[in-house]
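See below for the structure under consideration.
The values are calculated or read from the model by the stated rules, or taken from the named source; none is laboratory data. Bear in mind the structure is a predicted one, so any value in this text is a computation, not a measurement. Heads up, the Cβs are rebuilt from the backbone with ideal geometry, glycines too, and the neighbour counts pull from every protein chain shown. Protein only, heavy atoms only, side chains kept; ligands, DNA and RNA dropped before computing areas. Shrake-Rupley method; radii C 1.70, N 1.55, O 1.52, S 1.80 Å.
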Amino acid sequence: MIPRSSTVIRWFPIVALGLAPAMTLAAPALIEVHPAPALGPVLGARAIPGQIVVLRAQTAGRVQYVAGPAGTPVRGSEIVVALDTDALLAQRAQAEAAYAAAQVAVSNGYSQYQVQLYNYGGGASPWNPFAWFGQALGAMMGNQQNPWANYLAALDNRRAAALQAQAQLQSAAYRIREIDAEIRNAYGVSPFYGVILQKDVNPGDVVQPGQSLLVLGGAGPAQVLVQVPTSMSAGLRLGAALQVDSDGRLVSARIVQIAPQADAQTHTIAVKLALPSNTGIRAGDYVTVHLPAAQSTSLGVAIPQSALLPGRSLPSVLVDVQGITQLRVLRLGEPLGNGMVQVLSGLRPGDIIVNDPPAGIGSGYRLQTTAGAAA
């Protein structure tokens, strides 16, 4: 805005019977009205945590512990929900017993295999030529059994029994690891420092796999989730900045995620905006998001909020009309940031208005500067 004068302005009230004595006041600035920047559609949205994790039951069981209700702060790696593990501990004890039995079977199987390996021919050494001669003589006398084939078959049986015991040992070890994983899954751990957003179970509840237990939110800067109609999403790009309004405070937020496809029922696209730190916007707050304008033309004009006359039920300003103030009632639009406000009707570009007018001054006062023409 261009100030019209930095000198003293004298205000002379015009009355029907004559002119009152001049009243000298500290000079408020005269400013020229300029077009407001182009404004796009404004959509309602809500602030969400930067991180959201839903803890679901991985195994069936009874809830034994919950960290607290919604709003409870949690630390990273803290156990926030736990299921009863008595049945799993009993299963683990059974698996440990099976593992111990398999160890015994493995030891016995390999011992039997070693005995069979070095015990050919009923205890005679396989390298004893007299043993071989006796077996050959037995075969000639009608014994049709092949002693070497019998030896190999018995050796294979011992080896198979040892390998089977080894497999049972590995199966018991894997079963113990599986039960340990189920026990770990019975405890829900917070992956970050944050807060409990939603508690879906209470101690004593029986849950099934996949059932929601808790919803956790991160404690970092919040994000904004806005559902944008597909007809308004053409100009949105990752990394682009949009204005977010929270109770009259404008904050610049950056687009960090755009859904790859629209919702089939609402025909909208989910867009996430990353808010800067220390904005005061909390998860769950209602905000509005200003989308980019579809055209370059501006809507209305922009004036500083300090130009509005105080104490009036309708927004009004004083306009300089050939050196005399004239009261104008305005229709305001959206706050524009930096102390500016949009005016939809009541002013036109090029109008000269009084900024920061003194209290009690209204329409019908003559403006007169003590030095030079206004810039």
Near-label residues of the stretch 42-73 by backbone N, under 20 Å of a point 7 Å along Cα→Cβ of Arg184
54-61
Could you check how much of the accessible area of the stretch 175-281 is carbon and sulfur, as a whole percent, using a 1.4 Å probe?
49 percent
If DNA, RNA and ligands are ignored and the probe is 1.4 Å, what is the ranking of Thr268, Thr230 by accessible area, most exposed first?
Thr230, Thr268
Could you give the nm distance between label points at Glu96 and Asn202, where each point is 7 Å from its Cα heading toward the beta carbon?
3.6 nm
For the stretch 200-282: rounded, prolate or oblate by the Cα gyration tensor [a/c cutoff 1.5]
oblate
FRET efficiency for Ala149 and Ile79 from the Cβ-Cβ distance with R0 = 41 Å, rounded to 0.05, comes out at 0.05
